[in-house]
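Laboratory data are not the source of any read-out in this text; all were calculated from the coordinates shown. All values reported here derive from a predicted model rather than from experimental measurement. Backbone-built Cβ (ideal geometry, glycine too); neighbour counts: all protein chains shown.
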Amino acid sequence: MKSRRIGIDNYGLLPLGLTPCDTLRWAAAHGAEGVAFSGLPPAQRDALDRSSLVELAEFARDRHLYLEWGGATHIPRDMTSWGRTDIFEANQRAAGEAATLGVRVVRSCSGGLMRWTAEAPSTETLLAETAMALVAQRSMLRDHNVVLAIETHFEFTSHELVRLFERCEAAPGDYLGVCLDTMNLLTMIEDPLGATRRLLPWVVSTHIKDGGVLLDSTGLTTFTATIGEGAIDLPGILAALDCVAGDVHLSIEDHGGSFAVPIFDPVFLARFPDLTTDELVRVMQVALRSEASPGCRPLERERWPEVCEERLERDIAALRALAGRV
């Protein structure tokens, strides 16, 4: 396997209230090789200026740590009211910050659970609007020499992301890419390894996290797990990522909480038109592995602050050992 640098996403440490430089200090002290700042608390974001960004870049460079940035979005809607919004200015700011840091990857996440609510516009409508918004940003992103890395979150499936890039007439390595979250794929009823293979040419960054699925009478519950204790085929995913050119870092994102996926609701299931029987069977196989592993159970989100440091320490050690074996 290619030697890829292992780091963390700052999201897992947000309960500690660390500054960006303190987050880098934590990473260096615990054996991580970099930090992906997928987002900052509003007060910290508002306080950012050019001098603080330059200081952060120098701090990382002096400690040989990689940096990735965030704060971008891709769906031009308010994800609560569903009213239209202009996302150009926010993404221009994130791209400018990344350029100042000397960073190419800017993570984008709109944070929507569209398929979980009847009030949301159709996925096809949101795909069309997203494509128009991103095409309008193409020159700006290229001018800043950044790639907008759309996270495999809860907005679009891997199939839909590929179609989105086609609509945007984007090529891998250009202005659009993917931040591969290995666990979120389960919540979108996708086999993480299969979805990874579909997206491989587009992967520019990662959120490496283990997880599981439990099945009951209401449907599926998906959740995170300590790396090595979940049911996701992380060895297969790491082996697949070996085919990706360039410096794709392995950034661990971990947190508490779980997600209800009501697969027995035919209206809900119909919102996943690309879901095949084979894919659903593979997700059910993850559920079987999860059920058979006593340590693969949800952690309440409220408990995350008390365990976040210890769990991220375990994640770093486990991912390094796993990468060494692949």
Quiz item: Measuring from centroid to centroid over Cα atoms, what is the spacing of the range 274-319 and the range 122-138 in Å?
Solution: 32 Å
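For Leu48, what charge total do you get from the other residues with a beta carbon under 10 Å from its beta carbon, if Lys and Arg give +1 and Asp and Glu give -1? Each step should come with its number before you reach the end.
Numbers: positive: Arg45, Arg50, Arg93; negative: Asp46, Asp49, Glu97.
Result for the local shell: 0.
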Quiz item: So, counting K/R as plus one and D/E as minus one, what does the shell of residues with Cβ under 13 Å around Leu215 add up to?
Solution: -1
Quiz prompt | Of Ala195, Ala128, Ala60, the one that fluctuates the most in a GNM where the chain has Cα springs shorter than 10 Å | solution = Ala128
Self-check item: Potential extension, Thr19-Ala270 segment - 0.36 nm per residue separation minus Cα distance
Solution: 86.0 nm
Quiz item: Where a ≥ b ≥ c are the square roots of the eigenvalues of the C-alpha gyration tensor, would you call the range 157-268 rounded, which needs a/c under 1.5, or, failing that, prolate if a/b is larger than b/c, or oblate?
Solution: oblate
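Taking R0 as 41 Å, what's the FRET efficiency between Asp62 and Asp278 from their Cβ-Cβ distance, rounded to 0.05? Write out the running numbers ahead of the final one.
Working: r = 49 Å, r/R0 = 1.21.
Working from the Cβ atoms, E equals 0.25.
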Quiz item: The list (i) 0.99; (ii) 1.61; (iii) 0.94 gives values of Cα Rg over 2.2 N^0.38 Å, and only one came from this structure; which label was calculated from it?
Solution: (iii)
Quiz item: Within the range 248-326, which GluC sites (Glu not before Pro) sit in a loop by DSSP and count at most 16 neighbouring Cβ atoms inside 10 Å?
Solution: Glu300
